[in-house]
Amino acid sequence: MRIAFFDSGIGGISVLHEAMKQLPHEDFLYFADTLHVPYGTKSKEEVLAFVKECVEAIHKEEVKALVIACNTATSIAITELRKLYDMPIIGMEPAVKPALEMNRSSGKRVLVFATPLTLKESKYRDLVSRIDDTGMVDSLPLPELVEYCEKFQVEGQSIIAYFQGKLSEYDLSSYGTVVLGCTHYPFYRRILRTILPAHIQIVDGSAGTVNRLIQLLEHRGQLRGEGRGDLKFMCSSHDAAYIQKLERALHLFQEVGV
Ligand code: DGL
């Protein structure tokens, strides 16, 4: 049985890439909601309906676990999905906790980049109020970035200008860590490294999520220890061109995301 990854578009490839690295023997299924990407600028009700429809299609494929490789979909739908299905479902949330720990000794601030919907939702606000007792976390919505990423606009002068504009109000010397709280954003890791001051660390939730996946499958005795795994792509629009785009995105990520 396969391990499924779900995202609105190509973003979850950043998490799939980590899983393929750590679990070379597993077969994967990657499903993108091409009919409805982007999620982060839509309403909660719309996104919940889209996610439920896609997860129903994934469930028909008989998978042994599902990773919601999308912070936005997780914050809207994870509770309901876990009520609907028996299969293990792993969600994602912005890596605020590790970021705060990294800055404990320096006393520097944390800046979280995510979609407007993720930042508006109670899941994110509850997380921050639970762990940020000294008010060190700031949040910056980047509503345009997912659409740029879907067009493979991940580098170049216009992207540099975009980030510089968004960051112009921030005194970056007071920040120690930037959290990439949307799975599309690790495609900007290489360009961000050139824009952000060298002392700022960039973190995302991929490794933490894949570690949880491994723990869970290990616990159930469902990890494969041999053989060469494969990868199948699917998308809600059944569009062959988008399947090719997902393959290209995996190659692109190897260049700009790691
Ligand atoms: N990649 C998704 C996330 O992690 C959502 C992007 C979108 O569709 O807006 O939030």
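The values are calculated or read from the model by the stated rules, or taken from the named source; none is laboratory data. Note that the structure is a prediction, hence the values are computed from the model and not measured. So basically every Cβ, Gly included, is an ideal-geometry build from the backbone, and we count neighbours across all protein chains shown. We work out accessible area using only protein heavy atoms, side chains counted, and drop any ligands, DNA or RNA first. Shrake-Rupley method; radii C 1.70, N 1.55, O 1.52, S 1.80 Å.
Quick grid of which residues meet (1) at pLDDT 95 or above; (2) under 19 Å from TYR185 (Cβ atoms); (3) aliphatic (A, V, I, L, M):
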position	(1), (2), (3)
ASP27	yes, no, no
ALA32	yes, yes, yes
ALA57	yes, no, yes
ALA65	yes, no, yes
ILE68	yes, yes, yes
MET87	no, no, yes
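The number of residues in segment 232-258 that are among the basic types (Lys, Arg) and in a helix (DSSP H, G or I) comes to 2.
Only one of the numbered conditions (1) within 16 Å of the ligand (Cβ to nearest atom); (2) in contact (Cβ under 8 Å) with a residue 12 or more places away in the chain is violated by LEU84, and that is (1). For the criterion of being free of Cβ contacts under 8 Å to residues at least 60 places away in the same chain, assigned to a helix (DSSP H, G or I) and more than 21 Å from the chain's Cα centre (by Cα), ARG125 fails. Cβ separations smaller than 6 Å between residues 6+ apart or across chains give the following pairs from segment 237-258 residues that are closer than 15 Å to GLU155 by Cα to residues that are outside any helix (DSSP H, G or I): ALA249/ILE10; VAL256/VAL154. Each residue in segment 20-77 was checked for being β-branched (Val, Ile, Thr) and either without any contact (Cβ under 8 Å) to a residue 12 or more places away in the chain or open to solvent by 10 Å² or more (accessible area, probe 1.4 Å) (or both), and 5 pass.
Considering segment 1-98, the qualifying strands (runs of 3 or more DSSP E), each wholly inside and each with 2 or more residues that are of a type outside the set (Asp, Glu) and in contact with a Ser or Thr (Cβ under 7 Å, 6 or more places away or on another chain), run over 63-68. Kindly provide the set of residues from segment 24-40 that are farther than 18 Å from ALA57 by Cα and more than 12 Å from the ligand (Cβ to nearest atom), ordered by number. Across segment 24-40, the qualifying residues are PRO24, HIS25, GLU26. When the test is whether a residue is closer than 17 Å to MET234 by Cα and within 13 Å of the ligand (Cβ to nearest atom), VAL47 does not pass it. Within segment 59-79, take every residue that is away from the ligand (no atom under 16 Å from the Cβ) and under 19 Å from the mean Cα position of the chain (by Cα) and give me the one that is farthest from GLU18 (Cα to Cα). Among residues in segment 59-79 that are away from the ligand (no atom under 16 Å from the Cβ) and under 19 Å from the mean Cα position of the chain (by Cα), the one farthest from GLU18 (Cα to Cα) is THR79.
Among the residues of segment 107-117, some residue qualifies, meaning at least one is more than 13 Å from the ligand (Cβ to nearest atom), at pLDDT below 95, open to solvent by 40 Å² or more (accessible area, probe 1.4 Å) and assigned to a loop (DSSP other than H, G, I, E, B).
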